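Have a look at the structure below before the remarks.
The values are calculated or read from the model by the stated rules, or taken from the named source; none is laboratory data. Being a predicted model, the structure only gives us computed values, none of them experimental. We place every Cβ from the backbone using ideal geometry, glycine too, and count neighbours over all the protein chains shown.
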Amino acid sequence: MTSAEVEQLAADPAVEGLILTGSHARGTATVHSDRDLVMIGPAHYARRTATLDVAVVTIEDLADTSDIWQRYAFRGAKTLVDRRSGQITDLVHRQATPTAQEAVTWAREGLDGYVNFLYRAAKSRRDDEHVAARLDEAESVSWLLLTVFALHGRVRPYNKYLRWELETYPLDPPWDATLPERAVANPASLFPAVEALARDQGHGDILDAWGDDLTLLR
């Protein structure tokens, strides 16, 4: 779909809201990128092709923030049409921005999951189960990213946009644009920095609940 066709959709008065998401919204599109649109409008506009993905939702769907994974879709999104006097723009921002309580909940869940998989990996390495250890370390990365971004009051990025997020909205050191490589190479090496940040924000009880098991991670 061309820009002109998107403009044609936007001109339809039956379309209450039109939101551009994905790589075209974030300025990272390539020749292989389709256009991702979220629409509040007639159901017959919904489609998924090699060049266009139109998801038709209701205003209630857009207001529903219970699907944590879906929320990053709205990070950097551009509202093309808002015929609800700013309500749609506000809901897009709400999707992409966790509340303080949401961030705390995600950080605590993520921290416990991260420690859990690092502990499993450490035990496997101790027992010369190196393949199992590598698998557990790989699984820890998802929890690591959830934790780090939640501790900074953010939604965890999709892996495809992790570097874009860190370059566009930088975090304080050591969480710079090298994080993807470091997380893949050795997620356990980031534990001291995660621990320091978590304790600084009052989540030491999650770590302390692991007791002497933390010595394996250190």
Worksheet item: Any idea which of (1) surrounded by fewer than 19 Cβ atoms within 10 Å (Cβ to Cβ); (2) touching a residue at least 12 places away in the same chain (Cβ under 8 Å); (3) β-branched (V, I, T) is the one V31 doesn't satisfy?
Response: (2)
Worksheet item: In segment 1-117, which helices (runs of 4 or more DSSP H) lie fully inside it and hold 3 or more residues that are under 19 Å from the mean Cα position of the chain (by Cα)?
Response: 22-26, 59-63, 68-71, 87-96
Worksheet item: Is there a residue in segment 141-158 that is loosely packed, with under 14 Cβ neighbours inside 10 Å, within 26 Å of T99 (Cα to Cα) and either in contact (Cβ under 8 Å) with a residue 40 or more places away in the chain or touching a His at 6+ places or on another chain (Cβ under 9 Å) (or both)?
Response: no
Discussion item. Please go through segment 7-35 and give me each residue that is touching a strand residue (DSSP E or B) at 6+ places or on another chain (Cβ under 7 Å) and either within 28 Å of L166 (Cα to Cα) or assigned by TED's automatic domain parsing to the domain that holds L162 (or both), ordered by number.
Written reply: L18, I19, L20, T21, G22, H24, A25, D34, R35
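Let's see how each residue does on (1) in a helix (DSSP H, G or I); (2) surrounded by 15 or more Cβ atoms within 10 Å (Cβ to Cβ); (3) assigned by TED's automatic domain parsing to the domain that holds R125:
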| position | (1), (2), (3) |
| --- | --- |
| R163 | yes, yes, yes |
| L166 | yes, yes, yes |
| D172 | no, no, yes |
| W175 | no, yes, yes |
| F191 | yes, yes, yes |
| G202 | no, no, yes |
| D205 | yes, no, yes |
